[in-house]
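Peer 1: Shown below is the structure under consideration.
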Amino acid sequence: MATSVKLDEALKNRVRTLAEARNRSSHWVMREAIKDYVEREEKREALKQDALRAWENYQHDGLHLTFDEADNWLSKLEAGHDQGIPKCHR
């Protein structure tokens, strides 16, 4: 599928310069940039949706960990002590 994108001259020049430095075409640089952007934004959207679901679950059942509980657990994991996830409570 062919799609056209209008770029101002300054950005076109930056893309061209980068493409030349990488021995790639401008088309390749733009395609890679768009692919990276879409992947990053998809991950951001997935994180947002996960957070919204977590908030809805919390509103429904009130189960949670405090910051200190989560921080303590993560500190132990970081120190190499493999532990299960702490039990949530109200």
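The values are calculated or read from the model by the stated rules, or taken from the named source; none is laboratory data. Quick caveat, the model's predicted, so the values are computed rather than measured. As a convention, Cβ positions derive from the backbone with ideal geometry for all residues, glycine included, and neighbour counts pool all protein chains shown.
Peer 1: Out of the residues in the range 1-27 that are in contact with a helix residue (DSSP H, G or I) (Cβ under 7 Å, 6 or more places away or on another chain) and part of a helix (DSSP H, G or I), which is surrounded by the most Cβ atoms within 10 Å (Cβ to Cβ)?
Peer 2: 15
Peer 1: Please determine whether any residue of the range 5-28 is in contact (Cβ under 8 Å) with a residue 12 or more places away in the chain, touching a Leu at 6+ places or on another chain (Cβ under 6 Å) and farther than 30 Å from residue 87 by Cα.
Peer 2: So far as the range 5-28 goes, no, none of its residues is in contact (Cβ under 8 Å) with a residue 12 or more places away in the chain, touching a Leu at 6+ places or on another chain (Cβ under 6 Å) and farther than 30 Å from residue 87 by Cα.
Peer 1: Looking at (1) modelled with pLDDT under 95; (2) under 15 Å from the mean Cα position of the chain (by Cα); (3) of a type in the set (Asp, Glu), can you tell me which one residue 39 breaks?
Peer 2: Here residue 39 clears every test but (1).
Peer 1: Let me ask something else. Since residue 90 meets every condition but one in (1) at pLDDT 95 or above; (2) of a type in the set (Lys, Arg); (3) exposed (fewer than 10 other Cβ atoms within 10 Å of the Cβ), which condition does it not meet?
Peer 2: Result: residue 90 fails condition (1) only.
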